[in-house]
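Data block below; observations after.
The values are calculated or read from the model by the stated rules, or taken from the named source; none is laboratory data. Bear in mind the structure is a predicted one, so any value in this text is a computation, not a measurement. So basically every Cβ, Gly included, is an ideal-geometry build from the backbone, and we count neighbours across all protein chains shown. Just so you know, the surface numbers come from the protein's heavy atoms only, side chains and all, with ligands and any DNA or RNA stripped out. Shrake-Rupley method; radii C 1.70, N 1.55, O 1.52, S 1.80 Å.
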Amino acid sequence: MPAITVSARSGAPEETSADTRVVALFEGEELAEAHLQDLVELGEAKPGLRKVATDHEDAPGGGRRRVLIAGLGKREELDAEKARVAAAAVAGRAKELGSVSLSWAAPDGVAGALVEGTLLKLYSFDRFKSKRDDPDEPEGGLESLEIAGSEVDPDEVERSRVVAVAQNAARDLQNLPSNVADPVFLAGRAEEIAAAHDNLELELLDRDAIAARGMGAFAAVAKGTDSEPRLIVLRYRGGEDGPHLGFVGKAVTFDTGGISLKPGAKMSEMKFDMSGGAAVLEAMDAIAALRLPVTVTAVVPATENMPSGHAVKPGDIVTALNGKTIEINNTDAEGRLILADSLCYAVEQGVERIVNLATLTGAIIVALGSTHAGLFSNDDDWVGEVEEACKHTGELGWRLPLHPEYADLVKGKYADLDNAPEGRKASSITAAEFLKNFVGEVPWVHIDIAGTAWGQTRPYVGSGASGFGVRTLVELAWRAAGRP
Ligand code: BES
Ligand code: MN
Ligand code: ZN
């Protein structure tokens, strides 16, 4: 899909040269233009959120053009999330109708959200299809999006474009199958991102370096696969403002379970087990592009989890980077092992606040479905900031508790820790308790995205790969830079 050009214009919205313009309709309000208000009175244009009616009019430069009337509900209830949803409904309709250029008359305060909803909705992943799924759909697609209105802030529009493009790039990494997007491929993407920005620096550790550095838990997971693992470290140095942030993302490019092999049903979905890492890498691209005046270190452990003659076995004991010993009683609880060393590594780099994103447990899907990600933290203030950022982006999170009684469940019989306590008690929480052992005193939030990384029902991301977390990470960097 070629990139969609996005622009802001402060003149009168109806003066656009786009082939399709969008007018917002609020409940209990009338449209100023008589031919549009006619459609409202006929009941064809409705103010309910996600409703879209079509009309035509003479274009100022001659010829005809399309007008879409988009329902936005009650004006006083409009927020960014509703604007994303409405923008997605409009984008879907515009695509069906063959619009090439789209211009939104933006209601106050939601210019950025309209950009996000449009770009996220129009994302598709069809590069492996030799012919189109729907031959009735027009060729081409949307080439430009304009956000028009006297109050529209061009910087906000551009920022939203950058983050939505980054989120779609994360979706590409997620959707790519594991025979393409292996750990070395992800490292290559990190190289590309680093090369594109003068304020980013890349460090890569290969199999030998991971072991030599003392990352025994990560090395154990990578033992079973013939694909080379990589520890990917991106350092962004944009300024002295705010705390040094650490973003850590699980990137298991395929999770078979290892010797504790998963059942076959839906195993193909385990190509998405790198979603946390994808979100972290692409968020760094956006943060660097926006030149936010902050310091961020990103750590992404990338490996496959495979069974083989040289794979780690249940009962094996390994030592993590901070010296803690771990009994690997289930090789399918691999995410926490690679994160253990990566969290230690981030702490060694001097990070002062950590967020890690990981498709860590099936149990979080049972608890929260695909609406909220699970949040776990050792610090009330930091998790409060993360919760605020989640609300702002619509990437919702819900905090679950930690407690010494849960921590007891991950104590080992023969070593300090057990990576997979028997029984299924609170297994999303025990996974978080396990991770907590590797962050020391640093304020930390673990976001379990196993339910939200794909399979969402949000209209603007659909049910496939969602790129969940990209916008929240950028938002956290934005806030760390002291921006409102
Ligand atoms: N990647 C999985 C978690 C997962 C499962 C994500 C389903 C998305 C959908 C993770 O590595 C895993 O296998 N977790 C185990 C942990 C268990 C062995 C303690 C799980 O959740 O069953
Ligand atoms: Mn697993
Ligand atoms: Zn996994």
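Observations
- Residue check for residue 457: out of contact with any helix residue (DSSP H, G or I) (no Cβ under 7 Å at 6 or more places or on another chain), of a type in the set (Ser, Thr, Tyr), in the same structural domain as residue 274 (by TED's automatic domain parsing) and in contact (Cβ under 8 Å) with a residue 24 or more places away in the chain: yes
- Matching residues in segment 433-473 - criterion: being within 16 Å of ligand 1 (Cβ to nearest atom) and small (Gly, Ala, Ser): 450, 451, 453, 455, 463, 464, 465, 466, 467, 469
- Of all residues making up segment 182-193, the number that are within 13 Å of residue 282 (Cβ to Cβ) and open to solvent by less than 10 Å² (accessible area, probe 1.4 Å): 3
- Matching entry among 160, 103, 144 (being of a type in the set (Ser, Thr, Tyr), out of contact with any strand residue (DSSP E or B) (no Cβ under 6 Å at 6 or more places or on another chain) and surrounded by 15 or more Cβ atoms within 10 Å (Cβ to Cβ)): 160
- One residue from 250, 262 being in contact with a Pro (Cβ under 9 Å, 6 or more places away or on another chain) and among the basic types (Lys, Arg): 250
- Failed criterion for residue 107 (all others in (1) in contact with a Pro (Cβ under 9 Å, 6 or more places away or on another chain); (2) in contact (Cβ under 8 Å) with a residue 60 or more places away in the chain; (3) assigned to a loop (DSSP other than H, G, I, E, B); (4) not hydrophobic (A, V, I, L, M, F, W, C) hold): (1)
- Where residue 265 falls short, out of the listed (1) in a helix (DSSP H, G or I); (2) within 15 Å of ligand 1 (Cβ to nearest atom); (3) open to solvent by 10 Å² or more (accessible area, probe 1.4 Å): (1)
- As for segment 312-325, it holds no residue that is open to solvent by less than 20 Å² (accessible area, probe 1.4 Å), under 30 Å from residue 475 (Cβ atoms), touching a residue at least 40 places away in the same chain (Cβ under 8 Å) and within 16 Å of ligand 3 (Cβ to nearest atom).
- Scanning segment 362-383 for residues that are surrounded by fewer than 24 Cβ atoms within 10 Å (Cβ to Cβ) and either within 14 Å of ligand 3 (Cβ to nearest atom) or farther than 16 Å from residue 397 by Cβ (or both) yields 362, 363, 365, 366.
- Condition check for residue 233: away from ligand 3 (no atom under 16 Å from the Cβ) and either of a type in the set (A, V, I, L, M, F, W, C) or part of a loop (DSSP other than H, G, I, E, B) (or both): yes
- Of the strands (runs of 3 or more DSSP E) that lie entirely inside segment 284-391, those containing 3 or more residues that are touching a strand residue (DSSP E or B) at 6+ places or on another chain (Cβ under 9 Å), more than 16 Å from ligand 1 (Cβ to nearest atom) and not basic (Lys, Arg) span 295-305, 316-319.
- The test for being within 16 Å of ligand 3 (Cβ to nearest atom), in the same structural domain as residue 446 (by TED's automatic domain parsing) and open to solvent by 40 Å² or more (accessible area, probe 1.4 Å) holds for residue 259.
- Taking segment 402-484 as the region of interest, the helices (runs of 4 or more DSSP H) fully inside it that hold 1 or more residues being farther than 30 Å from residue 120 by Cα and more than 16 Å from ligand 3 (Cβ to nearest atom) are 404-409, 427-436.
- Residue 53, sole failed condition from (1) touching a Lys or Arg at 6+ places or on another chain (Cβ under 8 Å); (2) touching a residue at least 60 places away in the same chain (Cβ under 8 Å): (2)
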